[in-house]
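Scroll down for the structure; my scribbles are underneath it.
Laboratory data are not the source of any read-out in this text; all were calculated from the coordinates shown. All of these numbers come straight from a predicted model, not from anything done at the bench. FYI the Cβ positions are ideal-geometry reconstructions off the backbone, even for glycines, and counts take in every protein chain you see.
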Amino acid sequence: MKLIKKYLEHLTEKPSAPIVEEPTSGKIIMEKTTEDIVAHVREWVIDKVGDIHEEVYKTQKDIGRLDDACAIYQEFVEWIEPETKEFDIISLEPDS
């Protein structure tokens, strides 16, 4: 749960990527499609699980880290190995 909370906090941080401004209206454009978000989270999960496995391999100490990797994988298994092409996503918007 701490991991999910930390990731959600990360999503509400100010973006570090450049923001493109329309020269005519001055409106800020920062659009991400659902597919972009799912792909980003999927890659983040795969990388995180891989990092944990690499850490355990290098240190030869588990200390519950493989359980952490398994829990992260199980939380996002539907995104990593989807059984269908469509699934529901619930998004949380930060308070203004």
Karplus (6.51, -1.76, 1.60) ³J(HN,Hα), θ = phi - 60°, over segment 40-51, in Hz, Gly and Pro reported as x: 5, 5, 4, 5, 4, 5, 4, 5, 5, 5, x, 4
Could you run the Karplus curve 6.51 cos²θ - 1.76 cosθ + 1.60 with θ = phi - 60° over segment 66-75 and give me ³J(HN,Hα) per residue in whole Hz, x for Gly and Pro? 5, 5, 4, 4, 5, 5, 5, 4, 4, 5
Please give me, ordered by residue number, the chymotrypsin sites (Phe, Trp or Tyr not before Pro) of segment 54-96 that lie in loop per DSSP and have at most 14 other Cβ atoms within 10 Å. 87
Per principal axis, descending, Cα span of segment 33-96 in whole Å: 41, 34, 16
